[in-house]
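S.K.: A single structure is presented below for examination.
Derivation of every value follows stated rules applied to the coordinates shown; laboratory data play no part. Predicted model, so just to flag it, every value in this text is computed and none were measured. Note: ideal-geometry Cβ built from the backbone for every residue, glycine included; neighbour counts use all protein chains shown.
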2 protein chains.
Amino acid sequence: MTTDRKEEFYDRLKGIQAGMLQVGDRYLPMSPNLVEGDKTIWFITAKETPMAKEASKGTDARLVLSSEDKGLYADVSGHLSVSHDREKLDEVWNVVASSWFEDGKRDDDVLLVSYQPRSAEVWMSEGGTINFLYQMARAQITGKHPDLGSNFTLQF
Amino acid sequence: MTTDRKEEFYDRLKGIQAGMLQVGDRYLPMSPNLVEGDKTIWFITAKETPMAKEASKGTDARLVLSSEDKGLYADVSGHLSVSHDREKLDEVWNVVASSWFEDGKRDDDVLLVSYQPRSAEVWMSEGGTINFLYQMARAQITGKHPDLGSNFTLQF
């Protein structure tokens, strides 16, 4: 069950364009990238950004997700650090480039940041978004747990 | 310009089903409700929820928004408190009930929570979501500000 939920979490995350990543005192929109067979969440940034500075310290950070479209809401805790794995950068860059850039040209300034999730509180729809949101609203108002939308914690 | 942006912010927020609200150590998905001619963000909860307990203290809290659909990403700082304004509860309830409940029946347990935004860092698309996300990705990778998606701070 937990494995299924973890997979479901990654599967939905794959479809999300941007989450809000804790960077020092701020939350910044960042595009999460996933690579087949690897549970790290990868971000791409440039070398002198606030995000790069924060990641270079190696620090704990939250990633807050809310996607109506994918029926996924999550409060993720994890560890942010810079990766110097050039092979991984190539892999992630291929994902990014195919999404964003037709020419796929890569600047020397590009920095690969790894986000290692540790735990997450997750809300997920299990019967379509509308039904999920209805259940969420009901749960908020009646103080009861949603009947269909599920709320659980993942340990990675 | 600032007034326009503030209005645009509220206008897009109106279309968002749920944001992630800081409640103690957690971020919980909550549906923001807006009432015409009033800049408070209203939440509805039940009396014994963690959210109700937090709001009853009167506390500062963050509201983290990310909506691909509306092209709005925001990190809002504000003040959370319980409201005992019955007239306002009626107004907000009408908004909630018309969205969620056909019968509009209201439980005695319902609690109105007011969220007074103080400031917000906002990212907003100005040329369609796809273009915005492209610009965001470009900005992240090149370290330059997005050309079309705008990033600014609002004071409320």
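S.K.: In nm, what does the list of distances from A:Ser56 to its counterparts in the other copies look like, shortest first, when each label sits 7 Å along Cα to Cβ?
M.R.: 4.8
S.K.: At 7 Å along Cα-to-Cβ for each site, give me the label-to-label distance between A:Asp109 and A:Asp11 in nm.
M.R.: Reported label-point gap for A:Asp109 and A:Asp11 is 3.9 nm.
S.K.: Then there is this: Which order do the peptides A:106-115, A:31-40, A:59-68 take when ranked by the mean count of other beta-carbon atoms within 10 Å per residue, highest first? List each step's numbers first, then the result.
M.R.: On the way: A:106-115: 17.4, A:31-40: 14.6, A:59-68: 20.4.
Packing order, densest peptide first, comes out as A:59-68, A:106-115, A:31-40.
S.K.: Right, something else. Go ahead and run the numbers for FRET between A:Asp38 and B:Asn94, Cβ-Cβ distance against an R0 of 51 Å, rounding to 0.05.
M.R.: On the way: r = 49 Å, r/R0 = 0.95.
The calculated FRET efficiency here is 0.55.
S.K.: Place the label 7 angstrom along Cα→C-beta at B:Gln155 and in each other copy, then list the distances from the first to the rest in nm, shortest first.
M.R.: Taking the point 7 Å beyond Cα along Cα→Cβ, the inter-copy spacings are 4.7 nm.
S.K.: How big is the gap, in Å, between the Cα center of region A:14-52 and the Cα center of region B:41-79?
M.R.: 23 Å
S.K.: How many nm separate the modelled label positions at B:Asp69 and B:Lys57, each set 7 Å beyond the Cα in the direction of the Cβ?
M.R.: Modelled inter-label distance: 3.2 nm.
S.K.: At 7 Å along the Cα-to-beta-carbon direction for both A:Thr153 and A:Glu121, put a label point, then send me their distance in nm to one decimal.
M.R.: Here the answer is 0.9 nm between the modelled labels.
S.K.: Between the label point of A:Gly24 and that of the same position in each other copy, find the distances and list them shortest first in nm, with every label point placed 7 Å from Cα along the Cα-to-C-beta direction.
M.R.: 3.1
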